[in-house]
Amino acid sequence: MPAARESLLDAAYAALARRPWPAVRMVEVAVAAGVSRQTLYNEFGGKDGLGRALVRREADGYLSGVDRALTGAGDAPDRLVATAEWTVSAARDNALVRALLTGCWGERLPAPALRAVPSVSAAPAQRRADGPLPSPADLVALVRDRAAALLTAPGAAAEESAELARGCELAVRIALSCVAAPPAEGGVTELVRAALDRRL
């Protein structure tokens, strides 16, 4: 029931925007999605399963945005800047993404257990809703490794690849610092560009 699953996740996300997760009721989510409560329980097993699937969907959405930024137009620094901008924007607009990136799971949010995850290059189907969710350190490593894989020129020397990987991690960590403490004028773009100009 892919359509029912997405409707339920949309309804749960909308409910979470209105009230803290502990106050979100399964029956309200089912009614808002236009399905029976039994369908909700069949699909997710319970509220913990629904919360875990919701967090997984938002993590996958964030990682899909990372892929779009990394495969966009421009040279490696341009794409790393786009990735940093996406990271800050996604965290600003989505409390679940912000919690995934910072590890700050306030009492308003579902807070599923986090474990090591498969590579970001794995297809979303391989990063199942019931599978492990990334910790902030996992996300940094996933984005860094994906960026390095996509941006390294074929046949590049190992030293060049390692330097690019360090630049990728630097861009991601600057973006995360901007999530935690928003920068002044120029924002994340100028910070990442200045750092990358010295490295790449």
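The values are calculated or read from the model by the stated rules, or taken from the named source; none is laboratory data. Bear in mind that the values here come from a model prediction, so they are computed numbers and not experimental data. All Cβ positions, glycine included, derive from the backbone under ideal geometry; neighbour counts span all protein chains shown.
Please find, within region 26-47, the residue that is nearest to Leu96 (Cα to Cα) out of those that are loosely packed, with under 13 Cβ neighbours inside 10 Å and not polar (S, T, N, Q).
Per the stated criteria, the residue is Gly46.
Provide a single number: the residues in region 87-134 that are at pLDDT 50 or above and outside any loop (DSSP other than H, G, I, E, B).
Of the residues in that region, 15 qualify.
For residues that are under 15 Å from Ala15 (Cα atoms) and not charged (D, E, K, R), tally how many sit in region 92-109.
Residues meeting the conditions: 4.
Of (1) among the aliphatic types (A, V, I, L, M); (2) farther than 22 Å from Pro136 by Cα; (3) not assigned by TED's automatic domain parsing to the domain that holds Glu190, Leu16 satisfies all except one. Which?
So Leu16 meets the others, but not (2).
Go through (1) crowded, with 19+ Cβ neighbours inside 10 Å; (2) under 20 Å from the mean Cα position of the chain (by Cα) and name the single condition Arg92 misses.
Checking Arg92 against (1) crowded, with 19+ Cβ neighbours inside 10 Å; (2) under 20 Å from the mean Cα position of the chain (by Cα), the one that fails is (1).
Restricting to region 7-20, name every residue that is touching a residue at least 24 places away in the same chain (Cβ under 8 Å) and closer than 13 Å to Ala53 by Cβ.
Ser7, Leu8, Leu9, Ala12, Tyr13, Leu16
Sort out which residues of region 78-94 are more than 14 Å from Ala175 (Cα to Cα) and touching a helix residue (DSSP H, G or I) at 6+ places or on another chain (Cβ under 8 Å), and write them in order of number.
Asn94
I'd like to check which helices (runs of 4 or more DSSP H) are fully inside region 1-58 and have at least 3 residues that are among the small types (Gly, Ala, Ser).
Answer list for region 1-58: 2-18, 26-33.
Report, by residue number, each residue of region 181-190 that is modelled with pLDDT under 90 and either assigned to a helix (DSSP H, G or I) or under 21 Å from Asp145 (Cα atoms) (or both).
The one that is modelled with pLDDT under 90 and either assigned to a helix (DSSP H, G or I) or under 21 Å from Asp145 (Cα atoms) (or both): Gly187.
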